[in-house]
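Quick notes on the structure that follows.
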Amino acid sequence: MEITEVKVFPVNEERLKAYVTITIDNCFVVRDLKIINGNNGLFVAMPSKKRKDGQFKDIAHPLNNETRELIENRIFEQYESELKKMGQTLEQMTIAKSNPTNYDQSDDGQ
């Protein structure tokens with residue numbers, strides 16, 4: 001199996017960092033993967049659907065760790081490339097998360 005295309009769509013949210021679409025072997029597309037900033041760093045969440053009981057169930061997911069690592073590595077490579085285009089790196093994103101800037105909401109600049 002080969003991941004032949006990865007499209008990353010960065011977003012500016014606290015936990016959600018990007019939406020991702022992958023193409024497998026130039027013939028199968030999986031949309032709505034997400035790059036999430038979790039408690040232990042970034043991870044890739046598979047597309048999921050909310051069930052009637054309120055729990056989320058993956059719609060598509062790898063069946064083994066080797067395939068999961070293959071998918072995650074390609075996604076993180078492309079995510080890093082997108083960040084570089086925007087003038088950032090994964091390291092800078094991690095530093096920014098651990099040292100948030102504190103803006104005084106009452107200061108209107110006057």
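Can you find a residue in region 21-44 that is assigned to a loop (DSSP other than H, G, I, E, B), under 16 Å from the mean Cα position of the chain (by Cα) and among the aliphatic types (A, V, I, L, M)? Reasoning before the result, please.
Going through region 21-44, the residues assigned to a loop (DSSP other than H, G, I, E, B) turn out to be 25-27, 39-40.
Subset that is under 16 Å from the mean Cα position of the chain (by Cα): 39-40.
Now drop any that are not among the aliphatic types (A, V, I, L, M), which leaves none.
So far as region 21-44 goes, no, none of its residues is assigned to a loop (DSSP other than H, G, I, E, B), under 16 Å from the mean Cα position of the chain (by Cα) and among the aliphatic types (A, V, I, L, M).
Residues that are in contact with a His (Cβ under 9 Å, 6 or more places away or on another chain) and not small (Gly, Ala, Ser): does region 28-46 have at least one? It would help to see each step written out before you state the result.
Pass one, region 28-46, residues in contact with a His (Cβ under 9 Å, 6 or more places away or on another chain): 46.
Those left that are additionally not small (Gly, Ala, Ser): 46.
Taking every residue of region 28-46 in turn, at least one turns out to be in contact with a His (Cβ under 9 Å, 6 or more places away or on another chain) and not small (Gly, Ala, Ser).
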Notebook entry, point to check: Is there a residue being in contact with a Leu (Cβ under 7 Å, 6 or more places away or on another chain) and without any contact (Cβ under 8 Å) to a residue 40 or more places away in the chain anywhere in region 30-43?
Noted result: yes
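FYI, it's all coordinate maths here, none of it is from the lab. Please read these numbers as outputs of a predicted model, since none were measured by experiment. Virtual Cβ from ideal backbone geometry, glycine too; neighbours counted across all protein chains shown.
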